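**Student:** One structure is given below, represented as structure tokens, and several questions about it will come after.
No lab work stands behind these numbers, since they all come straight from the coordinates. On a predicted model such as this, the values are computed, not experimentally measured, just so you know. Here the Cβ positions follow ideal geometry from the backbone for every residue, glycine too, while neighbour counts run over all protein chains shown.
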Amino acid sequence: MIDRINQQGLVIPYSDVTITTKVLDLVTIHGSNCNNLYHPPIEGVEVLRAVPSLSFLLEHHSGQKLLFDLGVPTDLETLGSEVADRLKKVGHQITVQKDVVDALEEHNIKREDINAVIWSHTHWDHKGNMALFPPSTTLVLGPNALETFVTNGGNSGVGGINEQDIKGRKVREIDFDGPETLQIGSLRAVDYFNDGSLYLLDTPGHSVGHLCALVRTTTGPESTFLFLGGDCAHHCGEVRPSEYLPLPDSILPNPLPLVNRDNPFCPGTRFEELNKSRGMTTKGPVWRPKWGADLAEAILSIGKMQEFDGQENVLLLLAHDSCARHVNMPLFPESINDWYERGLGRDLRWNWIADIEKGLPTESVS
């Protein structure tokens, strides 16, 4: 059986098993220059609002507990001297409330209870501090991560794999070439629990072995899902609009912060004019990623992710999406499984437009 996500034919295997998912927002990164991350520049848009580095607690009915990403550790020195030295020189500021293990233990979830940590990738703002977890916690990585960062010494100032990350613990690399591999949309997938509740997705480009996750949050006539995007994109403006999710004629609630949210935002042709003036596809995203381990591959992965992002019953949560700090967003220890009932898809999908408001043409062109 299948769950048909939309009439365009994107399907996934049927399942009546869900994952209880909880969002941990413990990190704030202030003052990032968007021209270092996104391309082409938008005049008047240089520094975006502060962004999180989200982590996710995934609880399976079997009792297994997983973490998808760990954010930033409170002690930056645990990331290695090369990363720590670089972070002292960058222009943005990092605020870490607490390590993930401390947040969990405040709510009676012991670090020993975590069966596995899944890194979307090995960059400094996602890997946290694995040494805080016991050897019984497996580290799950994407393809070729060990060869790249351990065997070939590919660590850099943006991250990698240190000895303390893997010493004494089981490390599992996801194999997307094996017989168990599925195809969901245009992405290769592995069914983590073999029950359709959690799929790890092959999304290379931003970093070697970059993973995303598709988590089933409800079942029924039409299941709902979270798409945990990691750094497949840094900003929703690299993903939207798209052929799967065109820009609406009017948007409610209004995404602009100084406007009554009940008055619809009508973009007219302002986005088309913005993109046309910068050599971008008129009805596509406003940005492309500016850098990555394989930039062309990163752009391809974004295109594949757009297939999921265009579905009403799939909520994309990028690790650094400031829109996730919406007033209606449930945070740990509350579950986000009822995101669809809460209207979070509607509320979050176009909220990012506030980031580029200053760069939009002031009047629609007829």
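**Student:** Using just the alpha carbons, could you tell me how many Å³ per residue the convex hull of the stretch 126-215 encloses? Display every interim value, and only then the final one.
**Tutor:** Details: hull volume 10.6 nm³, N = 90.
Here the figure is 118 Å³ per residue.
**Student:** Another question, if that's okay. For His92 and Val17, calculate 0.36 nm times their separation in residues minus their Cα-Cα distance, and state this gained length in nm to one decimal.
**Tutor:** Working: separation 75, 0.36 × 75 = 27.00 nm, distance 4.12 nm.
This chain segment gains 22.9 nm when fully extended.
**Student:** Using a Gaussian network model on the chain with a 10 Å cutoff between Cα atoms, which of Ala233, Ala103, Ala319 fluctuates the most?
**Tutor:** Maximum among the listed residues: Ala103.
**Student:** Rg over Rh of the chain, using C-alpha atoms and the Kirkwood radius, what does it come to? All intermediate terms of the calculation are to be shown ahead of the outcome.
**Tutor:** Details: Rg = 19.8 Å, Rh = 20.9 Å.
Over the Cα atoms of the chain, Rg/Rh equals 0.95.
**Student:** I've got another one for you. If the cut-off is 23 Å between C-alpha atoms, which lysines fall inside it for Lys358, apart from same-chain ones fewer than 8 positions away?
**Tutor:** Lys276, Lys283, Lys290
**Student:** So what's the back-of-envelope 222 nm ellipticity for the chain, counting only DSSP H runs of four-plus at -39500 (n - 2.57) apiece and dividing by all residues, rounded to 500? Intermediate results must be reported in sequence, preceding the final value.
**Tutor:** Values: 8 runs with 54 residues, N = 366.
Helices in the chain give a 222 nm mean residue ellipticity of -3500 deg cm²/dmol.
**Student:** Ignoring solvent entirely, what values of log10 I(q)/I(0) come out of the Debye formula for the stretch 53-111 at 0.17, 0.18, 0.23, 0.29 Å⁻¹ when each Cα is a single scatterer?
**Tutor:** Each listed q maps to, in turn, -0.68, -0.73, -0.99, -1.27.
**Student:** At a Cα cut-off below 16 Å, give the lysines reachable from Lys22, other chains included and same-chain residues fewer than 8 away excluded.
**Tutor:** Here the lysines satisfying the reach criterion relative to Lys22 are Lys65, Lys110.
**Student:** Counting other C-beta atoms within 10 Å, and keeping those with at most 12, which DSSP coil GluC sites (Glu not before Pro) do you find in the stretch 89-187?
**Tutor:** Details: sites: Glu105, Glu106, Glu112, Glu147, Glu163, Glu173, Glu180; in loops: Glu106, Glu180.
Sparse-neighbourhood loop GluC sites (Glu not before Pro): Glu106, Glu180.
**Student:** Taking 0.36 nm per residue of separation and subtracting the Cα-Cα distance, what length does fully extending Thr181 through Thr282 add? Intermediate results must be reported in sequence, preceding the final value.
**Tutor:** Numbers: separation 101, 0.36 × 101 = 36.36 nm, distance 3.56 nm.
Result: 32.8 nm gained on full extension.
**Student:** Using 0.36 nm times the number of residues separating Asp249 and Ser335, minus their current alpha carbon distance, what extension gain do you get? It would help to have the intermediate numbers written out before the result.
**Tutor:** Working: separation 86, 0.36 × 86 = 30.96 nm, distance 3.26 nm.
Gain in length upon complete extension: 27.7 nm.
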